[in-house]
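Everything below concerns the one structure shown next.
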Amino acid sequence: MSQTPTDPKPEHAPTATHEALSPEEALAAATAAEADALNALSHENATLKAQNVDLADQYLRAKAEAENARRRAEEEIAKSRKFAVENFAESLLPVLDSFEAGLAIQEASVQQLREGSEATLKQLQSALARHKVVAIAPAAGEKFDPHQHQAISMVPADQEPNTVVTVLQKGYLIAERVLRPALVTVAAPK
């Protein structure tokens with residue numbers, strides 16, 4: 001509203017709907033507004049405290065659960081280490097039984113001893129194969145592999161240099177990992 005010569009009221013003069021508050025009423029209104037704000041803040045503070053307690057409880061439970069999971073995992077690892085060879089040892093028991101049975105025969109012939117030894121060897125090889133233990137037995141003339149072979153000496157030979165001449169002792173892999181390298185002699189460069 002703008003002032004015109006016919007309208008003598010100022011622009012911001014109190015009207016009938018907005019009466020001016022007395023200082024006591026203004027103070028009471030301000031105090032009531034502050035009380036409402038304090039009540040709202042107090043309610044919000046109580047809510048936040050309850051959430052804080054709940055979150056602290058959840059944190060402690062999660063921490064305890066993580067600690068229990070870590071402890072269980074450590075126990076499982078310890079059990080795995082302790083009983084890692086159990087299956088392997090179990091598969092060797094028939095081999096042991098065969099040896100003992102062969103030695104229990106007092107009057108065995110050489111032929112019987114040989115047959116028993118061959119049968120026991122097959123049992124042992126089978127037990128090793130079940131547990132992925134594989135022999136490394138390079139053939140003469142095969143390229144020397146330092147990852148699977150151990151050269152004992154270099155010898156002059158009528159074959160290509162750095163090839164296997166003789167195998168002195170077989171090596172073994174377990175699950176494709178070298179358990180023991182094959183001991184070999186290698187052809188020397190000419």
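Throughout, read-outs are computed from the coordinates displayed, never taken from laboratory work. This structure is a prediction, so every number in the text was calculated from the model and none was measured. Here the Cβ positions follow ideal geometry from the backbone for every residue, glycine too, while neighbour counts run over all protein chains shown.
Numbers below:
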read-out: Whichever lysines have a C-alpha closer than 24 Å to that of residue 122, once near sequence neighbours (fewer than 8 apart) are set aside; value: 132, 170
read-out: Net length gained if the chain between residue 151 and residue 67 were fully extended (0.36 nm per residue, minus Cα distance); value: 25.2 nm
read-out: Simple Cβ-charge dipole of region 41-100, Lys/Arg +1 and Asp/Glu -1, about Cα centre, in debye nearest 20; value: 340 debye
read-out: The chain, helix-only ellipticity at 222 nm - DSSP H runs n ≥ 4, -39,500 (n - 2.57), divided by all residues, nearest 500; value: -19000 deg cm²/dmol
read-out: Most mobile listed residue (160, 176, 24) in the chain, GNM with C-alpha springs under 10 Å; value: 24
read-out: Using a Förster distance of 41 Å, the FRET efficiency for residue 59-residue 30 (Cβ separation, nearest 0.05); value: 0.45
read-out: Kirkwood Rh and Cα Rg combined as Rg over Rh, evaluated for the chain; value: 1.71
read-out: For region 135-141, Karplus couplings with θ = phi - 60° (6.51, -1.76, 1.60), whole Hz, Gly/Pro x; value: 6, 10, 10, x, 7, 4, x
read-out: Selection from 174, 60, 46, by position along the positive dipole direction of the chain (Cβ); value: 174
read-out: Gaussian network model of the chain, springs between alpha carbon atoms under 10 Å - residue of 30, 139, 73 with greatest fluctuation; value: 30
read-out: For residue 154, residues with placed amide H under 5 Å, excluding near neighbours; value: 186
read-out: Full-stretch length increase - residue 142, residue 87 - with 0.36 nm per residue and alpha-carbon distance subtracted; value: 16.3 nm
read-out: For the chain, with +1 on Lys and Arg beta carbons and -1 on Asp and Glu, the positive-most of 95, 33, 119 along the dipole; value: 119
read-out: Long-range HN-HN contacts of residue 169 with modeled amide H, under 5 Å; value: 183
read-out: Cβ charges +1 (Lys, Arg) and -1 (Asp, Glu), total dipole of the chain, debye; value: 1680 debye
